[in-house]
Amino acid sequence: MRSILAAAILAASLSPATAATPCDDIWQKPLADGQVLLKKAAPQIKGLPSKPKVFEVMQSGGWTLVWARFADAEPGGYFLDGNRYVDVWGGVAAGESEKDIAGWATKLDKKMPVPLARCFGWYVVTGREQGPPTRPNPFNGH
């Protein structure tokens, strides 16, 4: 009984800022890593401007999702498998579920790590609106 009560008290004391997300241990990687990876992949990405502003980097299983904004384009998420450019996500997910968005990502490449796809789905539908307060994010007005 004590352990159930202790668990309930602990769960109630957790703030939303400390609640687990599908992106825990996947996001908030060094922004400089995203800059380097986008630069290496740039020849594969048609029309990629030379100076992206990276605002989020997510990594899992050798894959990286670099969220970047350019002066003349909408912000987007660039999927990279190592240095190989796979695709870019841009826009919004109006009415889509996290599961639907994660499913879109896993269809890009059968080697896509499921944790990265789940993180992506959460971030697009819910997380980027909340965003980590320590990083400027064009989706949440920071």
message = Could you check the range 45-92 and list, in sequence order, the residues that are over 21 Å from LYS111 (Cα atoms) and not in a strand (DSSP E or B)?
response = LYS46, GLY47, LEU48, PRO49, SER50, LYS51, PRO52, ALA71, ASP72, GLY91, VAL92
query = Only one residue in ALA32, ALA41 is among the aliphatic types (A, V, I, L, M) and in contact with a Phe, Trp or Tyr (Cβ under 6 Å, 6 or more places away or on another chain). Which one?
reply = ALA41
request  = Could you list all residues from the range 26-44 that are at pLDDT below 90, surrounded by fewer than 17 Cβ atoms within 10 Å (Cβ to Cβ) and outside any helix (DSSP H, G or I)?
outcome  = GLN28
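The values are calculated or read from the model by the stated rules, or taken from the named source; none is laboratory data. These numbers were taken from a predicted model, which means no experiment stands behind them. When we count neighbours, we look across all protein chains shown, and the Cβ atoms used for this are built from the backbone with ideal geometry, even at glycine.
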